[in-house]
1. Which numbered condition in (1) at pLDDT 90 or above; (2) within 20 Å of the chain's Cα centre (by Cα) is the only one that SER110 fails?
2. Out of all the residues in the stretch 31-86, which are closer than 28 Å to PHE128 by Cβ and among the polar types (S, T, N, Q)?
3. Only residues in the stretch 37-49 that are at pLDDT below 95 count as the first member; pair them with residues that are of a type in the set (Phe, Trp, Tyr), Cβ under 8 angstrom, at least 6 apart or cross-chain, and list the lot.
4. So which of THR93, THR135, THR86, THR131 is surrounded by fewer than 16 Cβ atoms within 10 Å (Cβ to Cβ), touching a residue at least 12 places away in the same chain (Cβ under 8 Å) and hydroxyl-bearing (Ser, Thr, Tyr)?
5. Condition (residue is surrounded by 14 or more Cβ atoms within 10 Å (Cβ to Cβ) and in contact with a Pro (Cβ under 8 Å, 6 or more places away or on another chain)) applied to the stretch 96-112: is it met by at least one residue?
6. Would you point out which residue out of SER39, SER48 is closer than 30 Å to SER143 by Cα, touching a strand residue (DSSP E or B) at 6+ places or on another chain (Cβ under 7 Å) and among the hydroxyl-bearing types (Ser, Thr, Tyr)?
7. Please name all residue pairs, on different chains or six or more residues apart, with Cβ atoms under 7 Å, provided the first residue is in the stretch 108-120 and is closer than 25 Å to PRO45 by Cβ and the second residue is of a type in the set (Lys, Arg) and assigned to a strand (DSSP E or B).
8. All but one of (1) closer than 23 Å to VAL137 by Cα; (2) in contact with a His (Cβ under 7 Å, 6 or more places away or on another chain) hold for LYS95; which doesn't?
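The values are calculated or read from the model by the stated rules, or taken from the named source; none is laboratory data. Only a predicted model underlies this, so the values are computations on that prediction, with no experimental measurement involved. When we count neighbours, we look across all protein chains shown, and the Cβ atoms used for this are built from the backbone with ideal geometry, even at glycine.
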Amino acid sequence: MHALRALLEAVSMVTILVCAAVILAPLFGFHLVHLATGSMSPSLPTDSLVIARDVDASTVNVGDIVTVQRADGQAITHRVLTTGQTDSGWQFTLKGDANQSADPAAYDVSRVGLVTFGIPFGGQVIDFVRTPGGTAVLSIIVSSLIFWTIWPTSSRRRRDEDEADALADSAAREASTLMSNRASGTI
């Protein structure tokens, strides 16, 4: 039972930390990106999750993985093949690692999401959590884990009561000894 409780406490803490990171990341210029295709395979297959940091395009180097917006508003995450400065900012040629050729058109950008970290799973979970139903499910799970972790079990209550009784008995013995010593004049 203690192992199960320890596991649930660990899962609760990890869940709380992940939720805090997801909520706070945008405040520090980071965002989560779900890779819906396998264009960055094998290192980042379909449904990978990457963390991208919003940076000025001038700081990006050839070989970096970036997230940019296509003309249709869709985010695309590919590796930088070439960079060039234009009158309006920067122009990048990108290519997915699994693709045979570069993207058909260059991207005109001033800021990009520079991929700082990626894991080969988790994208669908993040997409689900971003929906109203997913947020509700996550809230219920987190609340349940927190409730389960802090709710005192009967054995913990008994242990706490036993410790309190032992402490009270010890204090009473100490007080009795102190009073006996005073009465006998040894203090």
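1. Of everything listed in (1) at pLDDT 90 or above; (2) within 20 Å of the chain's Cα centre (by Cα), SER110 misses just condition (2).
2. Answer for the stretch 31-86, where residues must be closer than 28 Å to PHE128 by Cβ and among the polar types (S, T, N, Q): THR37, SER39, SER41, SER43, THR46, SER48, THR67, GLN69, GLN74, THR77.
3. ASP47/PHE121; SER48/PHE121; LEU49/PHE121
4. Working: THR93 fails: surrounded by fewer than 16 Cβ atoms within 10 Å (Cβ to Cβ); THR135 fails: touching a residue at least 12 places away in the same chain (Cβ under 8 Å); THR131 fails: touching a residue at least 12 places away in the same chain (Cβ under 8 Å).
Just one listed residue meets the conditions, THR86.
5. Filtering the stretch 96-112 for residues surrounded by 14 or more Cβ atoms within 10 Å (Cβ to Cβ) gives 96-99, 102-103, 106-109, 111-112.
Cutting the leftovers down to in contact with a Pro (Cβ under 8 Å, 6 or more places away or on another chain) gives us 97-98.
Yes: one or more hits.
6. Details: SER39 fails: closer than 30 Å to SER143 by Cα.
None of the other options fit; the residue is SER48.
7. Listed pairs, sorted by first residue: GLY113/ARG53; LEU114/ARG53; THR116/ARG53.
8. Exception for LYS95: condition (1).
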